[in-house]
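S.K.: To start, I am sharing the structure in question, which I have written as structure tokens.
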Amino acid sequence: MNYIKLDITKAACFLQEGAVKAFEPKVKAAQQALEEGTCPGNDFLGWLHLPSSITPAFLDELQACANVLRENCEAIVVAGIGGSYLGARAVIEALNNSFAWLVQDKKNPIILFAGNNIGEDYLSELTEYLKGKKFGVINISKSGTTTETALTFRLLKKQCEAQRGKEEAKKVIVAVTDAKKGAARTCADKEGYKSFIIPDNVGGRFSVLTPVGLLPIACAGFDIKELVAGAKDMEVCCGKDVPFEQNIAAQYAALRNALYQSGKKIEIMVNYQPKLHFMSEWWKQLYGESEGKDKKGIFPASVDFTTDLHSMGQWIQDGERTIFETVISIEEPEKKLLFPEDEENLDGLNFLAGKRVDEVNKMAELGTRLAHVDGGVPNIRLTMPRLTERYLGQVIYFFEIACGISGNLLEVNPFNQPGVEAYKKNMFALLDKPGYEADSKAIKERLASEK
């Protein structure tokens, strides 16, 4: 069995010799704190050994539910925000046909994502698209009151019932929510929806290997057993007793913190495969929400190369030297396409005739990495043998465990997100939500004084 690989040589060379190795004792202490549950946020460590605790029977139950939805739906809408949709979308977009919308192969339902914004045009166009279609809904919310998701679910629930009838709608609406409390749990119990539990000790951004991610991924037609197996691979390879030199998660956490201490404040996630765009989005939430607190934390950004070489490339090459890059590279694509020869050769590209398109892409990747290193940008490279469920599972757990270690190195609580509540308080006050009367008065007086 092959594994993902980490190459830190083009980043460690920007530090003093031994700087990464010097973090070894701190990394070991940080990982030990995770294992022993002595770190901040220790009530949210359920993800740590989740891969090895998932049973075949549980995966079979998820798959059986997914099969019901697949057999009865042309489209399935995943309603969730943040960690309640990004992990699933990252995997589905990575494995799916890039033109799934157009292909519509009849074998697999279209997977749609909503509840992650409050765009009226978006929701109106979604409901218009679903008119006359047999669609189902996976409502993902612990509380059932998160504004974006709750608003969307209410719209979809009403439309599904109107189009399919209330009894039939019950068969194609699934709740992924809290075990006992919250509006979504109450609704699921009252309506008789099939439901799955979000574990209390797993936060949203670490939840892709719970029903939050696994059910939508199974609905899309992908192998969740292989995904979990890949995560289990990394749970073993990145365990606390694995030597530092062999533990790629420990090395990644150490290196990025060493770079941060040297003045590199921004980490840019880079991919050369459009299918990985949402993997970067998932990664940004994982690290941004975990580390960005107490006025600390590396800012996570992302680019899609080679596309963004024609937009962000200039800044990365010659801008302020406060950045480093982490490149995800796929060794072997799933398709094969040769570049054709052209008799007129007006574009001057006949020197590429007969070469695989991926070879051109790989040389663009190598050339860019060399240029950026020469320009003063440390480069980390994470390599996946292929873009499959197994390797995606490895990547997911690798980033999760490295995030837990890295957050402890920063001495923050990697598992809370207090800053997210600030906008909600203001929004509810502005909307005159019951219970926010004092806040409503205060914020309106503030706005009036600022005119």
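S.K.: I want the local charge near G165. Using Cβ-Cβ distances under 14 Å, sum +1 for each Lys or Arg and -1 for each Asp or Glu among the other residues.
M.R.: Numbers: positive: K134, K157, K158, R164, K166, K170, K171; negative: E161, E167, E168, E191.
Overall, the nearby charge balance is +3.
S.K.: Using the Cα centre of the range 315-451 as the reference point, and only Cβ charges (+1 on K/R, -1 on D/E), how large is the resulting charge dipole? Debye, rounded to the nearest 20.
M.R.: Working: 17 positive and 24 negative charges, 149 e Å.
Once rounded to the nearest 20, the dipole reads 720 debye.
S.K.: Could you tell me which of rounded, prolate or oblate describes the range 1-157, using a ≥ b ≥ c as the square roots of the eigenvalues of the alpha-carbon gyration tensor, with rounded for a/c under 1.5 and, failing that, prolate when a/b is larger than b/c and oblate otherwise? All intermediate terms of the calculation are to be shown ahead of the outcome.
M.R.: On the way: a/c = 2.06, a/b = 1.92, b/c = 1.07.
It is prolate, given that a/c is not under 1.5 and a/b is the larger ratio.
S.K.: Shifting gears a bit: Over the range 196-243, give the accessible area per residue in Å² for a 1.4 Å probe, as an integer. Please report the intermediate quantities before stating the final value.
M.R.: Working: 1360 Å² over 48 residues.
On a per-residue basis, the range 196-243 sits at 28 Å².
S.K.: Now a separate question. Peptides 291-301, 130-140: what's the order by average Cβ count within 10 Å, highest mean first? The partial results should precede the final answer.
M.R.: Details: 291-301: 16.5, 130-140: 21.6.
With the highest mean Cβ count within 10 Å placed first, the list reads 130-140, 291-301.
S.K.: Starting with the highest mean, order 212-218, 18-24 by the number of other Cβ atoms within 10 Å, averaged over the residues of each peptide.
M.R.: On the way: 212-218: 27.9, 18-24: 16.1.
Going by the mean number of other Cβ atoms within 10 Å, highest first, we get 212-218, 18-24.
S.K.: Among T306, F324, G292, whose Cα lies farthest out toward the positive end of the dipole of the range 289-328, if unit charges sit on the beta carbon of Lys, Arg (+1) and Asp, Glu (-1)?
M.R.: G292
S.K.: Using the Cα centre of the range 90-143 as the reference point, and only Cβ charges (+1 on K/R, -1 on D/E), how large is the resulting charge dipole? Debye, rounded to the nearest 20.
M.R.: Numbers: 6 positive and 6 negative charges, 76 e Å.
It comes to approximately 360 debye.
S.K.: For a paramagnetic label modelled at 7 Å from the Cα of L337 toward its Cβ, which residues of the range 79-108 fall within the zone defined by backbone nitrogen distances under 19 Å?
M.R.: Within reach of a label on L337: 93-105.
S.K.: Can you find, among N271, C403, L156, the residue farthest towards the positive end of the dipole of the chain? Put +1 on the C-beta of Lys and Arg, -1 on that of Asp and Glu.
M.R.: The listed residue farthest towards the positive side: L156.
S.K.: Taking the Cα centre of each part, how many Å lie between the range 354-387 and the range 426-442?
M.R.: One Cα centre to the other: 51 Å.
S.K.: Please state the charge dipole magnitude for the chain, taken about the Cα centre, from unit charges on C-beta atoms (+1 on K and R, -1 on D and E), reported in debye and rounded to the nearest 20.
M.R.: Details: 54 positive and 61 negative charges, 274 e Å.
Dipole magnitude for the chain comes out near 1320 debye.
S.K.: Would you grab the residues whose amide H sits under 5 Å from the one on F113? Only those 5+ places off in sequence or on another chain, please, with H modelled 1.01 Å from N.
M.R.: Sorted by chain and number, the residues that satisfy this are V78.
S.K.: At 1.4 Å probe size, with every protein chain present, just tell me what the per residue accessible area of the range 399-451 comes to in Å².
M.R.: On the way: 3120 Å² over 53 residues.
Per-residue accessible area for the range 399-451 comes out at 59 Å².
S.K.: A further question follows. So, with a 1.4 angstrom probe, what is the percent of accessible area on the chain that is carbon and sulfur? Don't skip to the end; give the middle numbers.
M.R.: Working: 11390 of 21270 Å².
Exposed carbon and sulfur together represent 54 percent of the surface.
S.K.: Now for a separate question. At a 10 angstrom cut-off on C-beta neighbours, averaged per residue, how do the peptides 318-325, 381-388, 85-92, 71-78 rank from highest to lowest?
M.R.: Details: 318-325: 15.8, 381-388: 18.5, 85-92: 26.8, 71-78: 20.0.
Order by mean packing, descending: 85-92, 71-78, 381-388, 318-325.
S.K.: Send over a whole-number figure in Å² for the accessible area per residue of the range 9-93, probe 1.4 Å. Don't jump to the answer; show the numbers that get you there.
M.R.: Working: 3830 Å² over 85 residues.
About 45 Å² of surface per residue is accessible.
S.K.: Now, a different point. Do you know the relative contact order of the chain, to the nearest whole percent, from alpha carbon pairs under 8 angstrom that are 6+ apart?
M.R.: The normalised contact order for the chain reaches 23 percent.
S.K.: Then there is this: What value, in deg cm²/dmol to 500, does the helix sum -39500 (n - 2.57) over DSSP H runs of n ≥ 4 give at 222 nm once divided by the residues of the chain?
M.R.: -15000 deg cm²/dmol
S.K.: Another one. For the charge dipole of the range 37-109, defined by +1 on Lys and Arg C-beta atoms and -1 on Asp and Glu C-beta atoms about the Cα centroid, which residue among G37, F58, I81 has the Cα displaced farthest towards the positive pole?
M.R.: I81
The values are calculated or read from the model by the stated rules, or taken from the named source; none is laboratory data. Not measured: the values here are computed from a predicted model. Positions of Cβ are generated from backbone atoms using ideal geometry, with glycine treated the same way; all protein chains shown enter the neighbour counts. The protein model used for the area step is the full one, side chains on, heavy atoms only, and it has no ligands, DNA or RNA in it. Shrake-Rupley method; radii C 1.70, N 1.55, O 1.52, S 1.80 Å.
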